[in-house]
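Only one structure is covered here, and it is reproduced in the block below.
No lab work stands behind these numbers, since they all come straight from the coordinates. These numbers come from a predicted model, not from an experiment. Positions of Cβ are generated from backbone atoms using ideal geometry, with glycine treated the same way; all protein chains shown enter the neighbour counts.
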Amino acid sequence: MSDFENVESNWKSYSSLLGRFKDDGINNLLEVLGQRLCVAPANPREEQYGCYPGGLLDSSLKIATTMKKLRGFHGSGVAVQSILKVGLLHDIGRIGSLTIEWLTEQDSDWHHERGFHFKQNYDLTGKTHPQRSLFFLQHFGVKLSEQEYDAIVSLDDQVSRNNLASFLIHSRNMLINKD
């Protein structure tokens, strides 16, 4: 499958799963940020997960899938909708701000040869990725339960505040250690 086909397939899966919520806030978020979400990498360096165009959606889908598997394995009563919402939306802050990209294509051969395929916009250092994700969600009117909010916040300090947070942290750590 070509890179374009992979991005297109991931977008269809991602938007279809989020479309199940029939939530105007999520629909508006996807309409406004969709193109940026489709092509956004998750990280700037090749040794990090999702360091390629479309890496953000790819890694979010993998995390949501792993979270669902962990839920089943542990026989947890955490709602599948919460798993999907948090798994798919926890990292959208990695695109940057409403108007500025966090990562752009690396134009320095020296950096590229050393595995830095994207350069970071250091003007966006005032917030962490989870904080920017929560900003996007509130900006577009996406409602989160307290459990969902706590799960996303847990990424900053890696402290599980509930089962949903445990599944998110564990799934992300599995992805980090896999790639």
Here the stretch 151-165 yields Karplus 3J(HN,Hα) values (6.51, -1.76, 1.60; θ = phi - 60°; whole Hz; Gly and Pro given as x) of 5, 5, 4, 4, 5, 5, 10, 6, 10, 6, 9, 6, 4, 4, 4
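Would you work out if the stretch 103-179 is rounded, prolate or oblate? Take a ≥ b ≥ c from the square roots of the eigenvalues of the alpha-carbon gyration tensor; rounded if a/c is under 1.5, else prolate when a/b is larger than b/c, oblate otherwise.
Numbers: a/c = 3.15, a/b = 1.61, b/c = 1.96.
Oblate, because a/c is 1.5 or more while a/b does not exceed b/c.
Could you work out [θ]222 nm for the chain from helices alone, using -39500 (n - 2.57) per DSSP H run of at least four and dividing by all its residues? Round to the nearest 500 deg cm²/dmol.
Working: 8 runs with 107 residues, N = 179.
So the helix-based figure for the chain works out to -19000 deg cm²/dmol.
Mind checking the dipole of the stretch 3-178: about its Cα centre, +1 per Lys or Arg Cβ, -1 per Asp or Glu Cβ, Debye to the nearest 20?
Values: 19 positive and 21 negative charges, 151 e Å.
Once rounded to the nearest 20, the dipole reads 720 debye.
Greater than 19 Å separation of Cα atoms is the criterion. Which listed pairs, Lys68/Lys127; Lys62/Lys143; Lys12/Lys62, meet it? Walk me through the intermediate numbers first.
Values: Lys68/Lys127 28 Å; Lys62/Lys143 23 Å; Lys12/Lys62 14 Å.
From the list (Lys68/Lys127; Lys62/Lys143; Lys12/Lys62), the Cα-Cα distance tops 19 Å for Lys68/Lys127; Lys62/Lys143.
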Taking a ≥ b ≥ c as the square roots of the eigenvalues of the Cα gyration tensor, with a/c under 1.5 meaning rounded and otherwise prolate when a/b exceeds b/c and oblate if not, the stretch 66-149 is oblate
For Phe118, other-chain or 5+-apart residues with amide H closer than 5 Å (H placed, Pro excluded) are Gln106
Phe135 and Asp156 label points (each 7 Å along its Cα→Cβ direction) are spaced in nm at 1.2 nm
Computed on Cα atoms only, the convex hull of the stretch 24-66 has an orientation-averaged projected area in nm² of 3.3 nm²
Rounded to one decimal in nm, the spacing of the 7 Å Cα→Cβ label points at Leu124 and Glu5 is 3.0 nm
